[in-house]
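These notes are about the structure you will find just below.
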Amino acid sequence: MPTATPAAWILESVDEPALQRMAAWLALVLTPGDVVTLAGDLGAGKTTFARALIRALTDAPELEVPSPTFALVQDYACPRCAIIHADLYRLGSPTDVAELGLFDDAGATVTLIEWADRAAALVPPDYIAVAISDAADGEARRVAIIGHGANGERIERLARLAAFAARAGWTGAPRYLDGDASVRAYARLQERDRPLSLAPVEAVGDSAAGEKGLTPSHAVLMNAPAAPASSKAYRAIAHLADDVGAFMAVGQALRTAGLSVPDLYAADRAQGFLMLEDLGDDCFATALAAGVPLVSLYATATDVLLHLRRFPPARRLPIDASGAAHKVPLFDLDALSVEVAQLLDWHWPEVHRQPAPAEVRASFAAAFTPLLKQVAADTSGWVLRDFHSPNLFWLPGRAGIQRVGVIDFQDAMCGSSAYDVAALLQDARLDVSPNLERTLLDHYCALAKGTEPGFDEADFRRAYAILGAQRATKILGIFVRLWRRDGKRGYLVHLPRLWRNLERNLTHPDLGALRNWFDQCYRVEHRGRLG
């Protein structure tokens, strides 16, 4: 087994509840392909740790997790990953271990191994070790979670994340929350024992809960590590935020405008950690499944965007009391263009079995660029960027537009307000019928025209079609990228809906040249689900 000196998260005097909490923290960062070894004397708590880890991974606190001492291997399934739990105590040699086939499909599973010394060199060099031993006082345990090889940085960050939560007063076991398509990750915390404002947490936001004299019983922890170096060029051109300061600044601006965005409880900008108000589990898809009419959800969200027109974005927004500011970028031609190029970079090779030739890229740009120049000229409104069902929550206990909770706005820009209307009414994840889309677009235009003498409805509808086409084109490429590069196959199910949205936008008279390009370069058989 590799013996390289690793990065470690070490806690002293760990009782059984604290041992289980450490397991829950580790579960937050595990992904398919991870191998976790558990070392310690008989009765040290290896199986207790593994049991808590499996329950956290499966999000099933009452799941029966028997010791695999006699069965040798136990298998578990959950939406995040397959899990293998092995106990090698009764095996005598690496040959016996090899016959179990623990690593036959290691890239698709999280593998937990007790008594991993029996496996010797079979354990891959990049693994995570959990070492449990008696504490110096003999009354509790000493627990070290050790990241070997490429896992060192991940375990170091996990230790800092848990310390941030503790400083902010949240001491319970975290629960993994499904995140978005970015590198950000989220967890829910439900136990709190100290005030929200604690040094050395860098900044504490003005909490609406605090103003109302309420004590929040749960919060959401955002972990926003730096984006991988391979994506930095794209992120810079597309104006994607690399600092949680953007989330803090835009959130405060939207909160001041009267929107239901998460209150900020605590922040560590340098690390990329935020403690936020928990808006619950009722995103639009969940609310719809629970019986909330789709028209109620989307009509209220449309009114949110109408309301936001009264509060145009400033180019510089304060981040916190330190005087630091966030510069809100413009949705310029470069950003619009690099986004639509995702179609040629990722989707085109899948359906044409070759990279997009130079002449195809040139004709694509010739059809799209004149349209993008038109919408890039408008920098007067908010572009929250991902104002659609996964980021919208139904809050029936609130009134008016505040019944819609909004998250994932850190990449906001100054641009045409038609973009978010198209993102909402042409939702990439849920079906919005063409009839409802027309009704709510008519509603939006009528109210905007009635309250703003300068509102040009024809220009807005043209921008709506252009930006709807831009967004659908971009996401077709991004969803294939998430499949091919990141292994997130579930996004492919949405491709037919995106094609339908794109095709409706292409019927606008001013998009004729772009429609002709798609008709020539993407035949009907190319417009569907891949994989």
Handout entry: 29 Å Cα-Cα threshold exceeded, pairs from Lys373/Lys488; Lys232/Lys474; Lys232/Lys449; Lys46/Lys488; Lys327/Lys488
Key = Lys373/Lys488; Lys232/Lys449; Lys46/Lys488; Lys327/Lys488
Problem - Solvent-accessible area of Tyr186 with every protein chain in place, 1.4 Å probe, in Å² to the nearest 10 - result: 40
Exercise for the section: Pop out the carbon and sulfur fraction of the accessible area of the range 248-319 as a percent, whole number, probe 1.4 Å. Expected result: 56
Practice task
Return one whole number: the accessible area per residue of the chain in Å², for a 1.4 Å probe.
Solution key: 43
Problem - Rounded accessible area of Glu153 (nearest 10 Å², 1.4 Å probe) - result: 140
Fill in the blank from the handout: Dimensionless Rg/Rh of the range 1-123, both radii on Cα and Rh by Kirkwood, sits at 0.93
Problem - Nearest 10 degrees, 0 to 90: helix 358-376 Cα axis against the chain principal axis - result: 70
Handout entry: Between 0 and 90°, nearest 10: helix 495-505 axis offset from the chain longest Cα axis
Key = 20
Fill in the blank from the handout: Protection proxy (average C-beta count within 10 Å per residue), highest first, orders 228-235, 69-76 as 69-76, 228-235
Handout entry: Residue order for Ser93, Ser433, Ser416 - accessible surface, 1.4 angstrom probe, largest first
Key = Ser433, Ser93, Ser416
Completion exercise
Percent relative contact order for the range 440-531, counting Cα pairs under 8 Å at least six residues apart, stands at 26
Completion exercise
For the chain, the dipole about the Cα centre with charges only on Cβ (Lys and Arg +1, Asp and Glu -1), to the nearest 20 debye, works out at 1360
Handout entry: Largest-first ordering by accessible area, 1.4 Å probe, given options His508, His388
Key = His508, His388
Problem - C-alpha long axis of helix 333-342 to longest principal axis of the chain, angle in ° - result: 60
Practice task
May I ask you to work out the translational diffusion coefficient for the chain at 37 °C, viscosity 0.692 mPa s, via Stokes-Einstein with Rh from the Kirkwood sum over Cα pairs, reported in whole µm²/s?
Solution key: 130
Exercise for the section: Go ahead and estimate [θ] at 222 nm for the chain from helices alone: -39,500 (n - 2.57) per DSSP H run with n ≥ 4, summed, over the residue count, rounded to 500. Expected result: -12000 deg cm²/dmol
Exercise for the section: With a 1.4 Å probe and all protein chains in place, put Lys488, Lys474 in order of accessible area, largest first. Expected result: Lys488, Lys474
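The values are calculated or read from the model by the stated rules, or taken from the named source; none is laboratory data. Everything numeric here is computed off the predicted structure, so don't read it as measured data. Positions of Cβ are generated from backbone atoms using ideal geometry, with glycine treated the same way; all protein chains shown enter the neighbour counts. Heads up: the accessible areas ignore ligands, DNA and RNA and are worked out on the full protein's heavy atoms, side chains in. Shrake-Rupley method; radii C 1.70, N 1.55, O 1.52, S 1.80 Å.
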